[in-house]
Amino acid sequence: MPRIEITSDTLTEALARISDMAGRMGRIIRNLRAFARQEAAPATRVGLSAAVESAIEMVEARARSMGAGIDWQRPDRAVVVMAGEVRLAQVVVNLLTNALDAMTESPVRRIVVRVAES
């Protein structure tokens, strides 16, 4: 049987990746739990970037599996909106999944998400 050597650098890198994945899984689980609850909270000041990033995290695996990319062009400064935090993220998830559904037959599969001021 061949002998496999694992260096401390390889082990450190593997543990760091495991830690990152565990953190990401925790965020996804928190998002799923929040989505499962019915939000009855009134609209408050919500950071739009956080809601978009949460939504992207929720659909990222599906996008990757169909060869689609999501290009999130985060604004240079904070953008705050009046909304329910969970409801806002749900709206963005719906927009992203609708966009993914619409491009299943498209040769180029890329979603660009950006905030434009009016």
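The values are calculated or read from the model by the stated rules, or taken from the named source; none is laboratory data. Since we're looking at a predicted model, the values are computed, not measured. All Cβ positions, even for glycine, are placed from backbone atoms using ideal geometry, and neighbour counts span all protein chains on display. Only protein heavy atoms, including side chains, enter the accessible area calculation; ligands, DNA and RNA are left aside. Shrake-Rupley method; radii C 1.70, N 1.55, O 1.52, S 1.80 Å.
Which of the residues that make up the range 56-78 are open to solvent by 60 Å² or more (accessible area, probe 1.4 Å) and closer than 22 Å to E117 by Cβ?
Passing the criteria: Q73, R74, D76, R77, A78.
Within the range 81-95, can one find any residue that is more than 24 Å from I29 (Cβ to Cβ) and either modelled with pLDDT of 90 or more or assigned to a strand (DSSP E or B) (or both)?
Checked against the condition, which is being more than 24 Å from I29 (Cβ to Cβ) and either modelled with pLDDT of 90 or more or assigned to a strand (DSSP E or B) (or both), the range 81-95 yields at least one hit.
Return the only residue of I4, I111 being open to solvent by 30 Å² or more (accessible area, probe 1.4 Å) and not acidic (D, E).
Details: I111 fails: open to solvent by 30 Å² or more (accessible area, probe 1.4 Å).
The match here is I4.
If the requirement is being assigned to a loop (DSSP other than H, G, I, E, B) and open to solvent by 40 Å² or more (accessible area, probe 1.4 Å), which of these qualifies: E53, E117?
E117
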